[in-house]
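A.B. asks: Handing you a structure now.
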Amino acid sequence: TQLLEQSPQFLSIQEGENLTVYCNSSSVFSSLQWYRQEPGEGPVLLVTVVTGGEVKKLKRLTFQFGDARKDSSLHITAAQPGDTGLYLCAGDGGGNNRKLIWGLGTSLAVNP
Amino acid sequence: DTEVTQTPKHLVMGMTNKKSLKCEQHMGHRAMYWYKQKAKKPPELMFVYSYEKLSINESVPSRFSPECPNSSLLNLHLHALQPEDSALYLCASSQARTLTNTGELFFGEGSRLTVL
């Protein structure tokens, strides 16, 4: 059974601080997706990483995919209150199904 | 148009009621999904339709009945639900370029269901 461990589960920081969220697994994924969800809305895709060692940047967000494609991280620089939300990583095992493996999520609160 | 539209946004029903949740997408995606989500938890997969055929049922109780009338529409019929079924029900779609990979999911805003 594939599992994706996401940490931390909860994070409360002040505006301007940096943070990193981790997703780790013992399984290899063909790709890994990061989503952000605001209260009362559905998750919105932020990025998909596909290649081992890949780094993608989205303004103040930096996403990395591990060389072995088993882990990923999300780093936010100078967090802002608008970054508040639930961050979810999801791995695509690429098996003969359409099931993503989800991390438990990181609930981030950025206080002004 | 890159939207997945879900109706209704909010639904309150009694345990004996029959209701339906509806989902529509016009992105030409051929895989559609129903997920259930509790507060601050990840979405839990319920059903997957691939090319209008049910391909995954995650052992969901029969009081939930999915339907895919065509490639753009997905319904979830609800009957004799329990209070513990109260949750956010999310519809999603993906391009399904291959038979294997899921691809990127586009979610609707969800239908907030309360069962009394």
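A.B. asks: With a 4.7 Å Cβ cut-off, tell me which Cys residues in chain B come up empty for a partner.
C.D. replies: B:C68
A.B. asks: Compute the signed sum of charges (Lys and Arg +1, Asp and Glu -1) over the other residues within less than 10 Å, Cβ to Cβ, of A:S25.
C.D. replies: Residues near A:S25 contribute 0 overall.
A.B. asks: Sticking with this structure for a sec: How much of the DSSP beta bridge set in chain A is antiparallel, as a percent to the nearest 5?
C.D. replies: Percent antiparallel among DSSP bridges in chain A is about 90.
A.B. asks: Could you do me a favour and compute the accessible area per residue for chain A, 1.4 Å probe, result in Å²?
C.D. replies: For chain A, the solvent-accessible area averages 47 Å² per residue.
A.B. asks: Can you tell me which of B:22-28, B:51-57 comes out highest on packing, and rank the rest after it, using the mean Cβ neighbours within 10 Å?
C.D. replies: Result, highest mean first: B:22-28, B:51-57.
A.B. asks: What FRET efficiency comes out for the pair A:S7/B:A80, r = Cβ-Cβ distance, R0 = 41 Å, nearest 0.05?
C.D. replies: With R0 = 41 Å, the Cβ-Cβ based efficiency is 0.60.
A.B. asks: With labels modelled as points extended 7 Å from the Cα through the Cβ direction, what inter-label distance (nm, one decimal) is found for A:V44 paired with B:L116?
C.D. replies: Output for this residue pair reads 3.4 nm.
A.B. asks: In region A:45-112, carbon and sulfur make up what percent of the accessible area (probe 1.4 Å)?
C.D. replies: Here carbon and sulfur together make up 51 percent of the probe-accessible area.
A.B. asks: Is region A:33-112 best put as rounded, prolate or oblate by its Cα gyration tensor, with a ≥ b ≥ c the root eigenvalues, rounded for a/c under 1.5, and otherwise prolate when a/b is larger than b/c, oblate when not?
C.D. replies: oblate
A.B. asks: Which ³J(HN,Hα) values in Hz, rounded to whole numbers, follow from the phi angles of region A:73-86 under the Karplus curve 6.51 cos²θ - 1.76 cosθ + 1.60, where θ = phi - 60° and Gly and Pro get x?
C.D. replies: With the stated coefficients, region A:73-86 comes to 9, 10, 10, 10, 9, 6, 4, 10, x, x, 7, 4, x, 9 Hz.
A.B. asks: Checking an interface number: how much accessible area is buried between A and B, summed over both chains, with a 1.4 Å probe, in Å² rounded to 100?
C.D. replies: 2000 Å²
A.B. asks: How many lysine pairs does chain B hold where the Cα atoms are under 15 Å apart and the two sit 8 or more places apart or on different chains?
C.D. replies: Close lysine pairs under the 15 Å cut-off: 4.
A.B. asks: Considering chain B as a Gaussian network with a 10 Å cut-off on Cα pairs, which listed residue, B:A80, B:A31, B:A39, attains the greatest mean-square fluctuation?
C.D. replies: The residue with the greatest mean-square fluctuation here is B:A39.
The values are calculated or read from the model by the stated rules, or taken from the named source; none is laboratory data. Here the structure is a predicted model, which means the values were calculated and not measured. Heads up, the Cβs are rebuilt from the backbone with ideal geometry, glycines too, and the neighbour counts pull from every protein chain shown. Calculation scope for accessible area: heavy atoms of the full protein, side chains included, ligands and nucleic acids excluded. Shrake-Rupley method; radii C 1.70, N 1.55, O 1.52, S 1.80 Å.
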